[in-house]
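One structure is given here, and the rest of the page talks about it.
The values are calculated or read from the model by the stated rules, or taken from the named source; none is laboratory data. Nothing here was measured: the structure is a model prediction, and the numbers come from that model. Because the Cβ atoms are built from the backbone with ideal geometry, glycine has one as well, and the counts that use them run over all protein chains shown. Remember, those area values only see protein heavy atoms, side chains included, never the ligands or the DNA or RNA. Shrake-Rupley method; radii C 1.70, N 1.55, O 1.52, S 1.80 Å.
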Amino acid sequence: VQLQASGGGLVQAGDSLRLSCAASRRTNSNNGMGWFRRAPGRDREFVASISRSGSSTVYTDSVKGRFTISRDNAKNTMYLQMNVLKPEDTAVYYCAQNRYVTTSRRSDDYDYWGQGTLVTVSS
């Protein structure tokens, strides 16, 4: 499975962006998926995860109410809608597929990773 993240860019605080993660083949519809991010000088951190069906989602506290994770299994694509962006959201965002059917906050549960897309939020 290859994952391709896209949609990053330079925006101002308060703006919105939608990230996409396209899988190379259909197998991603059998697994939970997630978004992680790495800010400059910081460790990679969990952002959001979605179950195989899309019925279950989890978020890190700092993005709750602002970010929405979703997926379209027919298109083999996952999304991260990011609203009310803040400068502290600046990071490289990575999509990943875990080895289960449900959500996971643990990076060790993820077997496949995309290359990352840079999101820069100016104040």
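Here are the numbers for the structure shown:
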{"quantity": "Pairwise Cα inverse-distance average, inverted: Kirkwood Rh of the range 79-123 (Å)", "calculated": "12.2"}
{"quantity": "Average accessible surface area per residue within the range 21-123, 1.4 Å rolling probe, Å²", "calculated": "48"}
{"quantity": "Length added when fully stretched, LEU118-ASP43, from 0.36 nm per residue minus Cα-Cα", "calculated": "25.5 nm"}
{"quantity": "Accessible surface of the chain, 1.4 Å probe, proportion on carbon and sulfur as whole %", "calculated": "43"}
{"quantity": "Inter-part distance where the range 88-120 and the range 1-63 are each reduced to a Cα centre, Å", "calculated": "6"}
{"quantity": "Considering only the chain, percent of DSSP beta bridges that pair antiparallel, nearest 5", "calculated": "90"}
{"quantity": "Relative pair counts by distance (%), Cα atoms of the chain, 10 Å bins", "calculated": "15, 51, 29, 5"}
{"quantity": "Positive-end extreme of charge dipole, the chain - chosen from SER16, SER56, TYR94 (charges on Cβ)", "calculated": "SER56"}
{"quantity": "Long-range HN-HN contacts of TYR100 with modeled amide H, under 5 Å", "calculated": "GLY32"}
{"quantity": "Quotient of Cα Rg and 2.2 N^0.38 Å for the range 1-61, N being how many residues it contains", "calculated": "1.27"}
